[in-house]
Amino acid sequence: MTATAHAAATKGLVAKLGFAAGQVVTEFGYDKDVDDELRLAIEELCGSELEDEDYGDVADAVVLWWREDDGDLIDALVDALTNLAEGGFIVLLT
């Protein structure tokens, strides 16, 4: 698969996950091991950079990167819901 085909496939996956143009997306759990191609595809489709977990306004979606040693998943999900708009969604990536 060429780089262009891979990028198109990643963008298609992002759309299937529910991301759309104009959405505000908050990201939790960013670290050096995240999938940068996926992040960039979300930003490209939505039209803006991902907001960090300190973002204080309403978000349409949350990307939550989770690792086995990150603590309590339920607490992290509750935190992710704090500023999530009604009808918003969380994408949990492990």
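The values are calculated or read from the model by the stated rules, or taken from the named source; none is laboratory data. This structure is a prediction, so every number in the text was calculated from the model and none was measured. Backbone-built Cβ (ideal geometry, glycine too); neighbour counts: all protein chains shown. Heavy atoms of the whole protein, side chains included, go into the accessibility calculation; ligands, DNA and RNA do not. Shrake-Rupley method; radii C 1.70, N 1.55, O 1.52, S 1.80 Å.
Computed from the alpha carbon positions, the gyration tensor of segment 17-71 leads to an equivalent ellipsoid with semi-axes of 19, 14, 9 Å, biggest first.
Post the alpha-carbon centroid distance, segment 42-94 to segment 20-41, in whole angstrom. Segment 42-94 and segment 20-41 have Cα centres separated by 9 Å. Starting from segment 51-94, pick out the GluC sites (Glu not before Pro) whose DSSP state is loop and whose Cβ has at most 10 other Cβ atoms within 10 Å. Sites meeting the loop and neighbour criteria: E68.
Based on every Cα atom in the chain, Rg and the maximum pairwise Cα distance Dmax equal 13.2, 40 Å. Relative to the longest principal axis of the Cα atoms of the chain, the long axis of helix 3-16 lies at roughly 40 degrees. Of the accessible area of the chain, computed with a 1.4 Å probe over protein heavy atoms only, carbon and sulfur atoms account for 52 percent.
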